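Here the structure is laid out as structure tokens; the discussion comes afterwards.
The values are calculated or read from the model by the stated rules, or taken from the named source; none is laboratory data. Please read all numbers here as calculations on a predicted model, not as lab measurements. Reconstructed Cβ throughout: ideal geometry from the backbone, glycine too, with neighbour counts over all protein chains shown.
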Amino acid sequence: TQQTAAGLAPVQAVQADSEGARPLVELAHVEKHYGRLHVLKDINLQVCQGEVLVVVGPSGSGKSTMCRTINRLESIDSGVIRIDGELLPEEGKDLARLRAEVGMVFQSFNLFANKTILENVTLAPIKVRHMARKDAEDYAMDLLARVGVQSQASKMPSQLSGGQQQRVAIARALAMKPKIMLFDEPTSALDPEMVNEVLDVMIELAQEGMTMICVTHEMGFARKAADRIVFMADGRILEEGKPDEFFDHPQSERAQEFLSKIL
Ligand code: ADP
Ligand code: MG
């Protein structure tokens, strides 16, 4: 179903900003260990409003961990993380509020198996954003239409294909009206023929100005959608640059080796 993403209407308008782009996400000197494993090493990163950052790197390099620290699914040992200028706290109301600004889509779709597609998308807006049910349902139907699965609204997740479920997961994240979307290998668990229907939705989101951090091995997508590529290895950001610079002229040996294996 290639028409799925067509007609995707703007979800988040980019505001004209006379001061130029402001960082929506900032990580400064972030360090994290799992026991003796030093998994994030002096991570410094800024993602500006409307920017699409693609994170690549070998398995085990800390890409998922970095994403998970951005909404405190993982704690950090030291350093700071700011969301739209605000320090991400360890816990409490402010954490819940900031977390709601960050939509996350994982490799496994994690839809609630015992709820309909529509309920999956309306649950958090009603509970967390205190939206009226009718408003939440109207907005959810709008989002489901945008990702091309409105006709599935009353079905259960198991009745949908993997690609459809992942598009529902994207709609569910968008329903919270996040300022930024994190995607952690959203197409890795999909059958090959379903990869593009999900990437197409992501490309449209990017074109509409959504601020995005995407961990992916889909290099075609990275070249097309990314404003900037970050290459991670062994818990460090080793390279950062425009897609063409990175793919055509990787600087580090690790990046050259990585690209020679996947391209
Ligand atoms: P990537 O997403 O780049 O593949 P991850 O962030 O998942 O890398 O993992 C980085 C390293 O941290 C790996 O060595 C992994 O085994 C380890 N790791 C990830 N999660 C945990 C955890 N909860 N406990 C202990 N080690 C972990
Ligand atoms: Mg990972």
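Return yes or no: is D84 surrounded by 13 or more Cβ atoms within 10 Å (Cβ to Cβ), at pLDDT below 90 and of a type outside the set (A, V, I, L, M, F, W, C)? Against the criterion (surrounded by 13 or more Cβ atoms within 10 Å (Cβ to Cβ), at pLDDT below 90 and of a type outside the set (A, V, I, L, M, F, W, C)), D84 does not qualify. Scanning segment 62-79 for residues that are part of a loop (DSSP other than H, G, I, E, B) and more than 8 Å from ligand 1 (Cβ to nearest atom) returns N71, R72, L73, S75, I76, D77. Taken over segment 173-206, the criterion of being away from ligand 1 (no atom under 16 Å from the Cβ) and closer than 16 Å to L73 by Cβ is satisfied by A173, M176, P178, I180, M181. Are any residues in segment 228-258 of a type in the set (K, R) and under 26 Å from T211 (Cβ atoms), and if so, which ones? Result: R228, R236, K242. Inside segment 172-189, residues that are under 15 Å from Q107 (Cα atoms) and either more than 16 Å from ligand 2 (Cβ to nearest atom) or of a type outside the set (F, W, Y) (or both) make up a count of 10. Of the strands (runs of 3 or more DSSP E) that lie entirely inside segment 154-263, those containing 1 or more residues that are aromatic (F, W, Y) and under 29 Å from N120 (Cβ atoms) span 180-184. The set of residues from segment 45-56 being within 15 Å of ligand 1 (Cβ to nearest atom) and touching a helix residue (DSSP H, G or I) at 6+ places or on another chain (Cβ under 6 Å) comprises V54, V55. Looking at M131, is it crowded, with 16+ Cβ neighbours inside 10 Å and part of a loop (DSSP other than H, G, I, E, B)? In short, yes. Buried (at least 16 other Cβ atoms within 10 Å of the Cβ), under 13 Å from the mean Cα position of the chain (by Cα) and either closer than 21 Å to R68 by Cα or at pLDDT below 95 (or both): is that true of A171 in this structure? Judged against the criteria, A171 is a match. The set of residues in segment 37-65 that are among the basic types (K, R) and over 24 Å from L199 (Cβ atoms) contains only K41.
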